Amino acid sequence: MSGSLVVLIDVRLGAVLPAAALGAIRAADEVYAGTDLPADLVAALGVPTAPELFDGGRPVVVIAAELTEPSAAALFAAGASVLGTPAPSGAELLSSVAVMDRLRSPGGCPWDAEQTHESLRRYLVEETYELLEAIEDGDRPALREELGDVLLQVLFHARIAEEDGVDPFGVDDVAADLVGKLVGRHPHVFAGGDPSVRDSVTQQHRWEELKQAEKQRQSSVDGVALGQPSVSLAAKLTQRATRAGVPADLLPGNDDVGPALFAIAAAAVSAGLDPEGELRAAGLRFAADLRAAEAAAADAGVDPLAMDAHAWRKFWPR
């Protein structure tokens, strides 16, 4: 049918039509919605549901999800053109959110419906370590799968948070916060430039400055997840302390390498000690010393975030 058009839309995007179809829609004598569209989408389009057959040769537009939809197929067979709606990057994320919502909703999966933030904690840790293993192994198929499993944990927690009766938030709130953080901490990209950022090193420094201004943290230890595994805790604390200017002689011994760490752990086990617990205890003691030094400096009128090596030695607990 001359001048007729089948417009295929992505139902995940709602009543979004490609701009290229607007002229044909305006010029058409009749515009219909395919029978494969959800009722709420048909209502949003504000057009009647299409018949399977069309009379005459007048220009007709059918908006459908698939070309196999009866009215769309009939119009196409009669010579109508077809125009698709390109899905934007990330469109499959909409599908994953919809699946998670279905699993968690009445009539979904009983196990998924019973889960809480607390019950899912171990799965988040397990999936993260499986992702790290895939990265370490250079296993691309596993990397792709494990990234999906970590994404599932984000979707799951966001969906649970949406049901909270006191402080609900959903996956869009999580994404919006992330966008705000990324844009705010990259002014050299999104705000017309930042002369203090010249390379990746100066960018890291600028990131920390912006983060400090945003978080208003009082200690170098603030924001460190003290519940993380002890080796990564020790590494993070050392990183924070070094960045703050703590001199090397106040840090735990820094000559350790992989084999030495393994030997120390083995010796601890032989002595009946828990190396994980011992290292964690040492990390927590170091964190306490770091806080104490910063507090002593603040009490003396010294800015803890601007101390040099001499000041750190002066206020470090003995």
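For the stretch 39-163, report the convex hull volume of the alpha-carbon atoms normalised per residue, in Å³, without decimals.
165 Å³
Once you keep just the Cα pairs under 8 angstrom separated by 6 or more residues, what percentage relative contact order results for the stretch 1-157?
25 percent
From the Cα trace of the stretch 67-119, what convex hull volume per residue do you get, rounded to a whole Å³?
Taking only Cα atoms, the stretch 67-119 has a hull volume of 102 Å³ per residue.
Roughly how many percent of the accessible protein surface of the chain is carbon and sulfur, given a 1.4 Å probe and a whole-percent answer?
Heavy-atom surface of the chain belonging to carbon and sulfur, 1.4 Å probe: 59 percent.
Provide Rg over Rh for the chain; use the alpha carbon set for both Rg and the Kirkwood Rh (inverse mean inverse pair distance).
Here Rg/Rh amounts to 1.15.
Of L237, L94, which has the most accessible area and how do the rest follow, probe 1.4 Å?
On the way: L237 5, L94 80 Å².
Reading off the accessible areas and sorting them downward yields L94, L237.
If you take the square roots of the eigenvalues of the alpha-carbon gyration tensor of the stretch 94-242 and sort them as a ≥ b ≥ c, do you get rounded (a/c under 1.5), prolate (a/b over b/c) or oblate?
prolate
Could you work out Rg/(2.2 N^0.38 Å) for the stretch 1-107, with Rg from alpha carbons only?
1.14
Whole-Å semi-axes of the stretch 88-158's equivalent ellipsoid, largest first, each the root of 5 times a Cα gyration tensor eigenvalue?
24, 17, 8
Whole number please: convex hull volume per residue, Cα atoms of the stretch 10-73, in Å³. Don't jump to the answer; show the numbers that get you there.
Numbers: hull volume 5.4 nm³, N = 64.
Hull volume normalised by residue count: 84 Å³.
Using modelled backbone amide H atoms (1.01 Å from N, in-plane), which distant-in-sequence or interchain residues come within less than 5 Å of Y32's amide H?
Under 5 Å from the amide H of Y32 lie the amide H atoms of V61, V62, I63, each far enough along the sequence or on another chain.
A15's amide H: which non-local residues (gap 5+, or another chain) put their own amide H closer than 5 Å, with H modeled 1.01 Å from N in plane and none for Pro or chain starts?
Excluding prolines and chain starts, which carry no amide H, there are no hits.
Using only Cα atoms, what is the ratio of the radius of gyration of the stretch 158-246 to 2.2 N^0.38 Å?
On the way: Rg = 16.5 Å, N = 89, 2.2 N^0.38 = 12.1 Å.
Taking N as the residue count of the stretch 158-246, the ratio is 1.36.
Mind checking which helices in the chain clear 20 Å along their axis (Cα) and have mean Kyte-Doolittle hydropathy of -1.0 or more, DSSP H runs only?
Span-like helices, by this rule, are 91-104, 121-137, 140-162, 230-244, 275-299.
Keeping all protein chains in place, calculate the accessible area per residue for the stretch 1-120 (probe 1.4 angstrom), answer in Å².
About 54 Å² of surface per residue is accessible.
Heavy-atom accessible area per residue, the stretch 163-203, 1.4 Å probe: how many Å²?
Details: 2880 Å² over 41 residues.
Computed with neighbouring chains in place, this is 70 Å² per residue.
Compute the Rg to Rh ratio over the stretch 264-318 from the alpha carbon atoms, using the Kirkwood formula for Rh, and round to two decimal places.
Here Rg/Rh amounts to 1.22.
Suppose each label sits 7 Å from its Cα in the direction of the beta carbon; what would the D172-L22 distance come out to in nanometres?
The two pseudo-label positions are separated by 2.3 nm.
The values are calculated or read from the model by the stated rules, or taken from the named source; none is laboratory data. All values derive from a computational prediction rather than experimental measurement. With ideal geometry, Cβ positions are generated from the backbone for all residues, glycine too; neighbour counts draw on all protein chains shown. Remember, those area values only see protein heavy atoms, side chains included, never the ligands or the DNA or RNA. Shrake-Rupley method; radii C 1.70, N 1.55, O 1.52, S 1.80 Å.
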